[in-house]
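Accompanying notes for the structure given below.
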Amino acid sequence: MTPVQAHNYSRPFFLPAYRFGTTTNIYQFVAILASANSKNVSWFAEDGQAFLNAMGDLDRNGIHRISDILCWPNVSHASGRSETVLSFQRGYIPLLAYLVSEYVIKSTLHHVV
């Protein structure tokens, strides 16, 4: 996913009233996060910083979506295709990978996420 695609696809998740209805929505969101990394040849450091700024902007609700994922009531390593049980591997691992990515860790904004 390119930076432009990531910004465009993330917009609905940043709406104030948005809430994850199913785990499929969470997987879509974390796929966007997973694309924002220095190993993705479409991304440059400036893109990563711009995306982190968007995620950390309280008016854009990226932090709230991360919180929603971390507070999801049902998480399992064996969730199958459940729409209510979040797969640890498909939900948490990509989220954690983003949070420890070069774009976040090496940023002066790492404290916002």
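Of everything in the stretch 12-56 that is free of Cβ contacts under 8 Å to residues at least 12 places away in the same chain and among the charged types (D, E, K, R), the residue that is least open to solvent (accessible area, probe 1.4 Å) is GLU46. Starting from the stretch 60-82, take each residue that is farther than 17 Å from PRO16 by Cα and list its partners that are open to solvent by 70 Å² or more (accessible area, probe 1.4 Å) and of a type outside the set (Val, Ile, Thr), counting only C-beta distances under 6 angstrom and pairs at least six apart or across chains. From residues that are farther than 17 Å from PRO16 by Cα, the pairs are VAL75/PHE88; HIS77/PHE88. The residue of the stretch 12-48 that is modelled with the lowest pLDDT, among those that are part of a helix (DSSP H, G or I) and aromatic (Phe, Trp, Tyr), is PHE14. So, TYR9, is that one of a type in the set (Phe, Trp, Tyr), surrounded by fewer than 18 Cβ atoms within 10 Å (Cβ to Cβ) and assigned to a loop (DSSP other than H, G, I, E, B) or not? When the stated conditions are applied, TYR9 does not pass them.
Of the residues making up the stretch 52-67, those that are more than 9 Å from the chain's Cα centre (by Cα), assigned to a helix (DSSP H, G or I) and either within 10 Å of PHE13 (Cβ to Cβ) or of a type in the set (Gly, Ala, Ser) (or both) are ALA54, GLY56, ARG60, HIS64, SER67.
Of all residues in the stretch 57-101, those satisfying the criterion of being of a type in the set (Gly, Ala, Ser) and either buried (at least 16 other Cβ atoms within 10 Å of the Cβ) or within 15 Å of LEU33 (Cα to Cα) (or both) are GLY62, SER67, SER79, SER87, GLY91, ALA97, SER101. Being outside any helix (DSSP H, G or I), of a type in the set (Ser, Thr, Tyr) and open to solvent by less than 20 Å² (accessible area, probe 1.4 Å): is that true of SER107 here? The answer is yes for SER107.
The values are calculated or read from the model by the stated rules, or taken from the named source; none is laboratory data. This one's a predicted model, so the numbers in the text were calculated from it and none came from an experiment. Don't worry about glycine lacking a Cβ; one is built from the backbone with ideal geometry, like all the others, and counts go over all protein chains shown. Surface accessibility is based on the protein's heavy atoms, side chains included, excluding ligands, DNA and RNA. Shrake-Rupley method; radii C 1.70, N 1.55, O 1.52, S 1.80 Å.
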